[in-house]
Amino acid sequence: MPDLLLELRSEEIPARMQRKAAGDLRKMLTDGLVEAGLTYEAAREYWTPRRLALDIRGLTARSKDIREEIKGPSTTAPEQAVQGFLRKAGLSSIADAHVHSDPKKGDFYVAHIVKPGRAAEEIIAELVPGIIRNFPWPKSMRWGPASAKPGSLRWVRPLQSIVCTFGPETEEPVVVDFEIDGVRSGNVTYGHRFHAPGPITVRRFDDYVAKLEAAKVVLDADRRKEIILADARNTAFANGLDLVEDEGLLEEVSGLVEWPVVLMGEFEQDFLTIPGEVIRLTIRANQKCFVTRPQGAGENLSNRFILVANIEATDDGKEIAYGNGKVVRARLSDALYFWKTDQGDLPDLDQLKESAEKFGLDLKKPLDQRMARLDHLNVTFHAKLGTQGARVERIKQLAQELAPTVAKSISPLAGEMAGRPERVAAREAPTPVARGSVGALREATPSVAFGDISPSRGEITALVARAAVLAKADLQTEVVGEFPELQGAMGRKYALLQSEHPSVAAAAEEHYKPQGPSDRVPTDPVSVAVALADKLDTLTGFWAIDEKPTGSKDPFALRRAALGVVRILIENRIRLALTSVFAKAFASFKGGADQSSDLLAFFHDRLKVYLRDQGARYDLIDAVITPQSDDLLQIVRRVEALGSLLDTEDGKNLLAGTKRAANILAAEEKKKTLIAETVEPALFREDAEKKLYAAVNQAEKEAGQAIQNEDFSAAMLALSVLREPVDSLFGGVLVNDEDQAVRANRLALLARIRAATDQVADFSKIVG
């Protein structure tokens, strides 16, 4: 079977575009080949900064002939119908059609169409130019004299050559000939721009790879990554250092070089006074280099960095390393200036007094000054939601409202706060929901609505208020202005520098968490209260102005914020009546509508996503959630208890009996059959009725009490005793008795079964 080699060589392609572009090229070409009637055994894409390449193996040499029949009108049909048939079939005369007979319909015309197969080279020559012209680059350009003409070729960078060869291993491949805007396909490519700039004639993929390697080009991007990572680790180790690995940077750097050469540079020790995160980002963003740390030195960085060159220099890279070091030193000088400036006084302190008084800020402290400036400058959060200062005030109020509930739920911490606050930041996280089960969430405090809270005047509430006020202050720092991705992390560092409580400092960083499914959840009660307030303010605010996620569009990351609230509440075992929270939060937006019910439904959707990821059954989630369910932890515990019940034989049989009762009731209600309002024991004729009636009375009472006590496992256990009497009823009693009064009474008994189980779940929604 023949193989196809395609290479599109151009000026340097931006690293961030290469992987996707190579995948797009493979998909577009293979889809086109299959649509044209060809098949292939395997296809793989490759890329370097200057080329996209495809290796397609086992491609059929020719598409199959296509034979089809097009049925036409009756032989007695009017001329207009006949002419329409000829146009559809592509026939010039009705004499070219065949006549078929049908015993019922009589004679009718049929066109026998034969479309001969086409050579693969012809199909490829037709496909590739169209793919090149319509390639989905995020950005593209025109170049040269032809760029002035309408419809001229656009490519990410000037396209320089095309290799396209086709043929079996046992024969000399042919060049698939085509031309696009003056670039004609051939079998000639070029190696490394500096080491091997001359032409290279290639035949098929194997010798193409070998000749490129000899010309200092490593075609496989994953192999380039392996080379860079291995050489970087070895270089660092040889100098008594460990490489600080960075997968994103590794991917980017592998897209900047065709022949990776790892070198080491250095900068002055004095720059190590800058926080490691700032050093790392400065070197990463400006020079695409990796940082290192002394072996066994924890998080402390060294003053040496790893860079990746694209050439083998005659001086072993000394000048390259020196030049990179000069740029790194200049960038770190800027970072050091930002770092020191952020710790000094602002020049406009006199103008910040009003804002400082509003938030209770101490203008002797640098971070307080930055928060005062954030408010003073009226920095906009959102055009319809006001300023950052107004938002901070809302978050503060909401966080203070949440603080007692959070502290009560995270009980081990509440005692530590007063006596040993230094232990707060180091507290171990609670056991999260286990993968594959909903479990281990049994000991939670009662749900608290805002109407029941009397905010504490104690330390935890004061710390929450202070943390909420300082949480956004680092947005006005120079370092965060230069590196926005460090917001929160720098707030924590600056808070510690001005001797804030460790929990206040932690909250400056952790209130943004979790920022994704793999990010950790905050566990310090101060961080938890501020994180909840921050996310709930965002959600209620955008709901109030009707800026909700639609379809795949979620520009304000509201799904992520809601999932963050879900995870914080569940993984910290916090009971919270969300409806009360929403009402309080919506009230803080003047003129905004209270959309609590719609927002609660949105939370239900996020909770379902979370629980399904943990392995919970979708039908059990649907069975316990009602439109009014506003305590997410209670929903989780109900799902867990229901799942445990249904894992037992009693639970499975109870489900079957309950669903049978519900189905009978639904059918009779649809027929408007009389159902008694209450069960009358005097109408019982069978012992099974009496036993079931007694069991329902007992189960209803015990399950109701267990639910009131928040013990859902006990509630399920109470219902499980219904299994045997329900089975007995359906095994020996005819519900639809001829006596109308008896039938109505028995249907009422079935209604009691449904009502008893509905206390804990809607069994009709459970599959099985």
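The values are calculated or read from the model by the stated rules, or taken from the named source; none is laboratory data. These figures come from a predicted structure and were not determined experimentally. Using ideal geometry, Cβ is built from the backbone for each residue, glycine included, and neighbour counts are taken over all protein chains shown. These accessible areas exclude ligands, DNA and RNA; they are computed on the full protein's heavy atoms, side chains included. Shrake-Rupley method; radii C 1.70, N 1.55, O 1.52, S 1.80 Å.
List of remarks:
- Spatial offset of the stretch 686-710 relative to the stretch 514-580 amounts to 40 Å, using the alpha carbon center of each.
- Under the span-like rule (Cα at least 18 Å along the axis, Kyte-Doolittle mean at least -0.5), DSSP H helices of the chain: 120-133, 221-238, 318-342, 388-409, 525-544, 558-571, 596-613, 632-646, 740-758
- Every helix of 4 or more DSSP H residues in the chain counts as -39500 (n - 2.57), and over all residues that averages to -15500 deg cm²/dmol at 222 nm.
- Think of a 1.4 Å ball rolled over the protein heavy atoms: the chain then has 47 Å² of accessible area per residue.
- Two-decimal ratio, the chain, of alpha-carbon radius of gyration to 2.2 N^0.38 Å: 1.32
- Of the trypsin sites (Lys or Arg not before Pro) in the stretch 172-260, the ones in a loop by DSSP (not H, G, I, E or B) with at most 16 other beta carbons within 10 Å are Arg203.
- With coordinates expressed along the principal axes, the C-alpha atoms belonging to the stretch 281-327 extend over 36, 22, 17 Å, beginning with the largest.
- Rounded to the nearest 20 debye, dipole of the chain from Cβ charges on Lys, Arg, Asp, Glu: 960
- With the whole protein complex present, Met1 retains an accessible surface near 120 Å², based on a 1.4 Å probe.
- Percentage relative contact order, the chain, counting C-alpha pairs under 8 Å, at least six apart: 8
- Surface share of carbon and sulfur [accessible, 1.4 angstrom probe, percent] for the stretch 248-390: 48
- Most positive-pole-ward Cα, Leu719, Leu363, Leu159, against dipole of the chain from beta carbon charges: Leu159
- Cα centroid separation, the stretch 651-667 to the stretch 254-320 (Å): 68
- The convex hull around the C-alpha trace of the stretch 17-91, projected and averaged over every direction, spans 8.0 square nanometres.
- √(5λ) per eigenvalue of the Cα gyration tensor, the stretch 570-723, largest first, Å: 35, 20, 16
- Sorting the segments 275-284, 140-149, 68-77 by their residues' average number of neighbouring beta-carbon atoms within 10 angstrom, most packed first, yields 275-284, 68-77, 140-149.
- Sequence of Asp631, Asp622 when ordered by accessible area, the most exposed leading, probe 1.4 angstrom: Asp622, Asp631
- Rg(Cα)/(2.2 N^0.38 Å) for the stretch 252-401, N = residue count: 1.47
- Accessible surface for Leu611 stands near 0 Å², nearest 10, in the context of the full protein assembly shown (1.4 Å probe).
- Sparsely packed GluC sites (Glu not before Pro) within the stretch 701-739, loop by DSSP, other Cβ within 10 Å at most 12: Glu738
- Two-site FRET efficiency, Glu245 against Phe194, from Cβ-Cβ distance with R₀ of 35 Å, rounded to 0.05: 0.75
- Relative contact order of the stretch 1-132, defined on C-alpha pairs under 8 angstrom at six or more residues apart (%): 27
- Accessible surface of the stretch 67-192 [probe 1.4 Å, protein heavy atoms]: carbon and sulfur percent: 50
- Working note: Debye formula, equal point scatterers on the alpha-carbon atoms of the stretch 642-689, no solvent; log10 I(q)/I(0) at q = 0.17, 0.30, 0.31 Å⁻¹ is -0.74, -1.02, -1.04.
- Sparse-neighbourhood loop sites, trypsin sites (Lys or Arg not before Pro) in the stretch 576-637 - DSSP loop, at most 10 other Cβ within 10 angstrom: Lys590
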